[in-house]
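Please read the structure below before turning to the comments.
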Amino acid sequence: MPAAYKFMIAAFMMSFIMGWIIIPRILVISHKHQLYDIPDSRKIHDTPIPRLGGLSFFPVIVITIATIMAVRYLMGYDVIYVPERTVLIEFLFLLAGTTILYVVGVGDDMIGITYRSKFLAQIICGFLLVVSGLWLHDIDGFMGIYTLRMRYSYPLTIFIVVYITNAFNLIDGVDGLASGLVIVALTAFGLIFISERQLIYALVAFSTLGVVVPFWFYNVFGNQARGHKLFMGDTGSLTLGFIISFLALRICLTGAEVAGTTNHVIVCISALIVPLFDVLRVAIHRIRKGRNPFLPDRNHIHHKLLRAGMRKRTVLFSIIGLSVFYMILNYYLNPYMNVTFILMIDFALWIGLHAIINHYIRKVEGEPHSI
């Protein structure tokens, strides 16, 4: 087995073990100080549940990345195959941005923060990635556009960071859904980075994946009556969303910057397509109804599937399966179509899916429902 694979496995296992050790301690602290997510009319759960699972993510990720990188250097292995100055700057700004959102998330989970303040923090973090040099200057021919000028790519990059970060935050409505979609995306991203010998970014993906997996098991299979279930909260969803946006941008730029590599824009989008399409549809629906698009409601895809009669666990695995389906479909369409036509097919399938869901909602509730 190549050394690169061994170190990625080591990163995953180290992060996984630390997560499995820390999460039960977070549960104890949450119960002791009654740090719960309280049910309301918008939420699915009906009893208070600890919401600080995301506290474990950022420290575990940083410790794992730092340790594995140090060990690789001590053993004489190369860590990166791109300019070290580029990686250093990107990682310093990634660390700064993730710290900001981690602190904002903790504040929101503890005392509550307005959505305007969270948006401002996300915009600042997006700007930090742009300053680091990680800005989208090639969109692989989407809508006939390949190279973007700087004055367009900067705001587009910031928008993408805010969009992806919020998408994972907003779809966190069913046990294991947000973390399950993150697991799918991180697995795909990690494998892509390994195939392109971008080991430093693969390390970020697998270090993050390692700590999310034990949380997913507690979130999905934790016994609520015994106090073993917990949510990730905004601390977790904002942290993961920002890391995913960082990795997604880096994948999109890898093909444009590194000779001999494939542009993975469509593969990258495919891994994120369910939360991205869901946020877009919900925002359009709220605007059509004259509501604030930034205020929460119960119109996300998981809410609709529950209204259509599905059980929570079925909803979870159906949506994760839908994400995997999009990735496989687009992977096989990619050699024959450009990204614009592929996304048109994806969106048509998305609209068709919601038409079917609405049909079953009408059967269950006996009332009309719009897409």
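Miscellaneous remarks
- Divided by 2.2 N^0.38 Å, where N counts the residues, the Cα radius of gyration of the range 274-313 comes to 1.22.
- Candidates 114, 314, 99: whichever shows maximal mean-square fluctuation once the chain is modelled as a Gaussian network with Cα springs under 10 Å: 114
- Computed from phi, the 3J(HN,Hα) profile of the range 324-329 under the Karplus parametrisation 6.51, -1.76, 1.60 (θ = phi - 60°) reads 5, 4, 4, 5, 5, 4 Hz, with x in place of Gly and Pro.
- Entry note, the range 113-253: relative contact order of 29 percent, from Cα contacts under 8 Å with a spacing of 6+ residues.
- Distances between placed amide hydrogens fall under 5 Å for residue 337 paired with no residue 5 or more residues away or on another chain.
- For residue 312 and residue 34, the FRET efficiency from 1/(1 + (r/R0)^6), where r spans their Cβ atoms and R0 equals 30 Å, is about 0.75.
- About its Cα centre, the dipole of the chain is roughly 840 debye, where the only charges are +1 on Lys and Arg Cβ and -1 on Asp and Glu Cβ.
- Evaluated at q = 0.08 Å⁻¹, the base-10 log of the normalised Debye intensity for the chain, with identical point scatterers placed on the Cα atoms, takes the values -0.39.
- Solvent exposure ordering (accessible area, 1.4 Å, most first) of 137, 303: 137, 303
- Average accessible area per residue (Å²) across the chain - probe 1.4 Å, nucleic acids and ligands excluded: 45
- Summarising the label geometry, the points placed 7 Å from Cα in the beta-carbon direction at residue 21 and residue 349 lie 4.2 nm from one another.
- Highest-MSF residue in the chain out of 359, 33, 300 [GNM, Cα springs under 10 Å]: 33
- For the residues 281, 51, 116, 362, a 1.4 Å probe over the protein chains yields an accessible-area ranking, largest first, of 116, 362, 51, 281.
- Euclidean distance of C-alpha centroids, the range 307-371 and the range 205-239, integer Å: 25
- FRET efficiency for residue 341 and residue 159, using Cβ-Cβ distance with R0 set to 30 Å, rounded to 0.05: 0.85
- Per-residue HN-Hα couplings for the range 17-29 [Karplus 6.51, -1.76, 1.60; θ = phi - 60°; Hz; x = Gly/Pro]: 5, 4, x, 5, 7, 6, 4, x, 5, 5, 4, 4, 5
- Measuring nothing but protein heavy atoms, the accessible surface of the chain at 1.4 Å probe radius is 67 percent carbon and sulfur.
- The chain, relative contact order in percent, only Cα pairs under 8 angstrom and at least six apart counted: 22
- Within the assembled protein chains, the solvent-accessible surface assigned to residue 20 is about 110 Å², based on a 1.4 Å probe.
- Of all lysines in the structure, the ones whose alpha carbon falls short of 30 Å from that of residue 32, not counting any fewer than 8 places away in one chain, are 43, 118, 229, 312.
- Per-residue ellipticity at 222 nm, computed for the chain from helices alone with -39500 (n - 2.57) per DSSP H run of at least four residues, works out to -24500 deg cm²/dmol.
- R0 of 35 Å, Cβ-Cβ distance residue 66-residue 197: FRET efficiency to nearest 0.05: 0.95
- Cα Rg over Rh - the range 109-226, Kirkwood: 1.03
The values are calculated or read from the model by the stated rules, or taken from the named source; none is laboratory data. These figures come from a predicted structure and were not determined experimentally. Cβ: placed from backbone, ideal geometry, glycine included. Neighbour counts: every protein chain shown. Note: accessible area is taken over every heavy atom of the protein model, side chains too, but ligands, DNA and RNA are not part of it. Shrake-Rupley method; radii C 1.70, N 1.55, O 1.52, S 1.80 Å.
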